[in-house]
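Novice: Pasting a structure here, questions to come.
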Amino acid sequence: MQKDLVIGLLDEEIGFAVQPILTCTHYTKAMLSKLSQKAEQLKQELFTTKCTDCDSTKENWICLECREIKCSRYVNGHMALHNQSADHQIGLSLRDLSLWCYKCDSYITSENITKFQKFVSKVKFMDNQPLQDELDKIIQQLAKLDFSETQYKYDDFVNGLRDNKFKKIVFLTGAGISVAAGIPDFRSPGGLYSTLAQFNLPKPEAVFDIQYFQQQPQAFYAVAKGFLNMKGKPVLAHQFQKILQDRNQLLRVFTQNIDGLELDAGVKQELLIQAHGHMRTAHCLKCKEEGSMKTFFEHLEKQEIYICSSCKEGYVKPDVVFFGEGLPKEYFEHINDVKQADLIIVMGTSLKVQPFASSVLLAKKEVPIVLINRENVLPKRDNTLFIEGDIEENIHKILEYIHKK
């Protein structure tokens, strides 16, 4: 097991590390409303509907204007052809719910788009739960979303931690907590995505796209070799979770990170849910047989593609969630812990990647939500506290306080 040889492959933005623009003018609220109605009507069927031109279900998009379903550029490119012939500019990925504007040549976002994505996400990831009542509740919550200052007090937070008032604390964390550990920001100058031009990718995030990996695994291997040599050690953000565990105050940690630094800090594996997977195990994409991580790293060093020894055909990939793959079952088995929590601590995340981003909405209204972050991404509600600034500095102050006698 090589937990120090890990990287944060999944970024915080929908569409991976490509920053969606906020200035697109080519969609309307009416388009979002009509597609929401279609999603509510078709439910799970929407996400398995075939491309109208080739019957593919591998990776489809739906046009916001006419709501026809077409396959992506990785299949037969019928959505791009639809844009050219019909001059319809906006498509929604039925896989990761990102929105692409052909006119802007970019992923797009806005407050209304975020509300829409959260609504459709509830339809897609509802499984067999009663749908209509739950959707009505979510719609009501999303209609009230706003960004504002908190009504929960810092003193109540740190005193509650110190005095063991909270017994069921749930963490929701993202890439921001591992920056101080040396895990690089993939969007910064000189970072991962600035090095990908040599691979002639259709878009930077394609290197972590499951369909692209099955077609061109060499790109992932070339990128991974450099970044998997980076080692990180737990920092205060990870140690904070371990301390609360030792004080019998921790219920669960949900993280979008694959680096495993929580485990290195001593958080018990049964309390950690890595929503975007990890690098501890690997499996064949074809026959699902487990592969050897040691063998994977050996192949990675040689830049040789790891072929399954059982079926002799499938590629063996670490159990990191790529675009086009579902989240681990452990996430869905334990996500209701958020409803049981008596305190939610959110750190280092923009709360934009679904379905992880909607997890915070499960908290009971009387339960405090504390965000330790550089920007306020919490919806308006009672009992929220935004602690702005550097995560490590803020946690240092919190730990100093709760260790006072």
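The values are calculated or read from the model by the stated rules, or taken from the named source; none is laboratory data. As the structure is a computational prediction, the values presented were derived from the model and not from experiment. Cβ atoms come from the backbone with ideal geometry, glycine included; neighbour counts cover every protein chain shown. Note: areas computed on protein heavy atoms with side chains; ligands, DNA, RNA excluded. Shrake-Rupley method; radii C 1.70, N 1.55, O 1.52, S 1.80 Å.
Novice: Put S292, S309, S36 in order of accessible area, largest first, 1.4 Å probe: what do you get?
Specialist: S309, S292, S36
Novice: Same structure, new question: Taking the Cα centre of segment 207-263 as origin, sum charge times position over the Cβ atoms of Lys and Arg (+1) and Asp and Glu (-1), and report the length of that vector in debye to the nearest 20.
Specialist: Here segment 207-263 has a charge dipole of around 200 debye.
Novice: Roughly how many Å is it from the Cα centre of segment 33-109 to that of segment 155-170, as a whole number?
Specialist: Answer, in whole Å: 46.
Novice: Taking a cut-off of 22 Å between Cα atoms, list the lysines near K233, but don't count ones fewer than 8 places away on the same chain.
Specialist: By straight Cα distance, K233 reaches K3, K225, K242, K268, K294, K397.
Novice: Next up: Roll a 1.4 Å probe over the protein heavy atoms and report the accessible area of H283 in Å², nearest 10.
Specialist: Roll a 1.4 Å probe over it and H283 shows about 60 Å².
Novice: Moving on. Using the basic label-point model (7 angstrom from Cα toward the beta carbon), what is the T23 to Y154 distance in nanometres?
Specialist: Calculated label separation equals 3.6 nm.
Novice: Another one. Please compute the Kirkwood hydrodynamic radius of segment 289-376 from all pairs of different C-alpha atoms, in Å with one decimal.
Specialist: 16.4
Novice: For segment 205-352, what number results from the quotient of the Cα radius of gyration and 2.2 N^0.38 Å?
Specialist: Working it through for segment 205-352, the quotient is 1.15.
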